[in-house]
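The values are calculated or read from the model by the stated rules, or taken from the named source; none is laboratory data. On a predicted model such as this, the values are computed, not experimentally measured, just so you know. In this analysis, Cβ positions are derived from the backbone assuming ideal geometry, glycine residues included, and neighbour counts consider all displayed protein chains. Ligands, DNA and RNA are stripped out before the accessible areas are found, and what is left, the full protein with its side chains, is counted by its heavy atoms. Shrake-Rupley method; radii C 1.70, N 1.55, O 1.52, S 1.80 Å.
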Amino acid sequence: MLDVSRETATAVFGDELDRAYTYAELLAGAGVERGLIGPREVPRLWQRHLLNCAVIAELIPRDSDVLDIGSGAGLPGLPLAIARPDIYVSLVEPMERRTTFLTEAVEALGLTNVDVVRARAEDVSPKGKADVVTSRAVAPLGRLAQWSLPLTRPGGLMLAIKGSSAADEVAATAKQLRRLRGTNPRVLRCGTDLLETPTTVIAITRL
């Protein structure tokens, strides 16, 4: 069941909309049953979850290798992989019950541009290879940068979906970001023409 217009969903997912529908059904079913998403989120799955995540694809260069850390139920990694068949997404998640769901979801969706990695972000190897490292609701920015920036190649991007305190987090961690070879931190809004509440993203370039 869509909580946005079909036109909006199509604008984001295009020819892959049927896959997005299937993923939404998985979240509303097995995702809720296994405690990966709250039942109160089901009526707003598209606005707050699928589209909220997928719109950050506008920041990801073509043919990128993407690491999605703390992937949980696959957010933002799976919506990105669905919306952007040109990118390759590795879903990094340490908890077995979550990686089991993710593996089942990838198979059910027939995605060939995704793999599932059971690991903590700090244990992922090799480091410094990903074009883009994404995350959503994983940790405060300082800790997130410690995990994400070492995984990002020089010139690559760390993209963290955040809330209203994004600018404050950037200001509070400026020195730490520089120590981690992060530069040009900025707060961006994605999906401004599509979403009632655009997605707030902290983007940081790795030196």
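Those residues that are open to solvent by less than 20 Å² (accessible area, probe 1.4 Å) and either farther than 25 Å from A24 by Cα or assigned to a loop (DSSP other than H, G, I, E, B) (or both), I need them from region 129-142; list them, please.
Result: A130, A139, L141, G142.
Any idea which residue in region 74-127 is surrounded by the most Cβ atoms within 10 Å (Cβ to Cβ), counting only those that are in a helix (DSSP H, G or I) and charged (D, E, K, R)? Before you say what the answer is, go through the steps one by one.
Residues of region 74-127 that are in a helix (DSSP H, G or I), as a first pass: 77-83, 96-109, 121-123.
Those left that are additionally charged (D, E, K, R): 96-98, 104, 107, 122-123.
Details: E96: 9, R97: 11, R98: 21, E104: 13, E107: 11, E122: 13, D123: 11.
Selected residue: R98.
Scan (1) farther than 22 Å from T99 by Cα; (2) outside any helix (DSSP H, G or I); (3) of a type in the set (V, I, T) for the single condition V12 breaks and write down its number.
It is condition (2) that V12 fails.
Okay, residues lined up against (1) closer than 17 Å to P61 by Cα; (2) hydrophobic (A, V, I, L, M, F, W, C):
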{"residue": "L102", "(1), (2)": "no, yes"}
{"residue": "W147", "(1), (2)": "no, yes"}
{"residue": "A166", "(1), (2)": "no, yes"}
{"residue": "A172", "(1), (2)": "no, yes"}
{"residue": "R181", "(1), (2)": "no, no"}
{"residue": "R189", "(1), (2)": "yes, no"}
{"residue": "T205", "(1), (2)": "yes, no"}
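Kindly evaluate E16 against the criterion of being surrounded by fewer than 16 Cβ atoms within 10 Å (Cβ to Cβ) and among the acidic types (D, E).
no
With respect to the numbered conditions (1) of a type in the set (D, E); (2) surrounded by fewer than 21 Cβ atoms within 10 Å (Cβ to Cβ); (3) touching a residue at least 40 places away in the same chain (Cβ under 8 Å), which one is the sole condition not fulfilled by E25?
Against the list (1) of a type in the set (D, E); (2) surrounded by fewer than 21 Cβ atoms within 10 Å (Cβ to Cβ); (3) touching a residue at least 40 places away in the same chain (Cβ under 8 Å), E25 comes up short only on (3).
Going through T173, T192 one at a time, which residue ends up being β-branched (V, I, T) and either over 29 Å from A9 (Cβ atoms) or open to solvent by less than 40 Å² (accessible area, probe 1.4 Å) (or both)?
Selected residue: T173, the only one of T173, T192 that is β-branched (V, I, T) and either over 29 Å from A9 (Cβ atoms) or open to solvent by less than 40 Å² (accessible area, probe 1.4 Å) (or both).
Among the listed residues A160, A167, A145, identify the single one that is of a type in the set (A, V, I, L, M, F, W, C), part of a helix (DSSP H, G or I), open to solvent by less than 20 Å² (accessible area, probe 1.4 Å) and at pLDDT 95 or above.
A145
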